[in-house]
Amino acid sequence: MEPIKFIGLDDGAFIPKISRKCLLLGVLLKGLRLSSISMRTIEVDGMDVTEKTLSIIEELGGADLLITGGITFAGFNVLDPFSIHQRTRIPVVIFSRKKPDNEAVLRALKKHFTDWKVRWNIIERVGEAFEVVEWKTGLRYYIECVGIEPSRAVELLSPTILWGKTPEPLRLARLLSKALSRLSVFQ
């Protein structure tokens with residue numbers, strides 16, 4: 001049987017109010033084995049993360065599941081998981097250790113963006129996060145799912161939470177994106 005192919009996606013570090021670009025990094029894992037890495041740059045507070053994510057998915061050759069650590073990247077560059085799923089047929093799971101505070105996000109969007117309604121409509125459409133408590137470990141986290149039932153997402157993600165409290169595809173994407181973003185080429 002073929003191992004499940006996961007893409008973990010995360011953004012790198014950036015300096016608020018100074019950086020204009022930010023690293024976006026995707027890792028492809030076949031099972032728990034790292035297979036490929038793909039990188040793009042995205043605009044801080046822009047609206048290009050969805051297209052850049054599609055480009056990463058294409059370069060990595062697709063996957064069975066895309067895992068992200070949030071719906072916003074590089075500040076408030078909002079990923080459209082519905083567009084990703086519609087265009088690739090790949091389910092999207094947004095993973096968070098804390099319950100998303102959408103009211104705080106809405107306040108920030110209204111305060112800082114003239115196009116806040118466009119960004120908010122994507123976030124609002126995703127809906128409420130599903131709380132998960134792992135019965136073996138007591139680990140608590142939240143997922144938002146597009147194109148997959150939460151129960152199936154948990155079934156796929158649970159075996160990948162090995163070191164720490166984050167699914168391995170996302171953990172690797174986060175480690176690599178944060179480390180590589182500190183290189184001057186991505187500042």
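The values are calculated or read from the model by the stated rules, or taken from the named source; none is laboratory data. Every value quoted in this text rests on a predicted model; they were computed, and no experiment measured them. Glycine gets a Cβ as well: all are built from the backbone with ideal geometry, and neighbour counts include every protein chain shown.
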Matching option when the condition is among the charged types (D, E, K, R) and farther than 20 Å from T166 by Cβ, among K98, K21, K30: K21
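Scan T160, T166 and give me the residue that is out of contact with any Cys (no Cβ under 9 Å at 6 or more places or on another chain), surrounded by 11 or more Cβ atoms within 10 Å (Cβ to Cβ) and over 30 Å from R20 (Cα atoms).
T160
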Checking the structure you have, find out if any residue of region 117-135 is farther than 21 Å from N77 by Cβ, surrounded by 15 or more Cβ atoms within 10 Å (Cβ to Cβ) and out of contact with any helix residue (DSSP H, G or I) (no Cβ under 8 Å at 6 or more places or on another chain). no
Which residues, counting only those in region 39-55, are under 14 Å from the mean Cα position of the chain (by Cα) and not charged (D, E, K, R)? M39, I42, V49, T50, T53, L54
Report the residue count in region 152-167 for those that are closer than 17 Å to P91 by Cβ, in contact with a strand residue (DSSP E or B) (Cβ under 9 Å, 6 or more places away or on another chain) and either at pLDDT below 95 or of a type outside the set (K, R) (or both). 7
Boolean, V154 is surrounded by 12 or more Cβ atoms within 10 Å (Cβ to Cβ) and over 14 Å from the mean Cα position of the chain (by Cα): yes
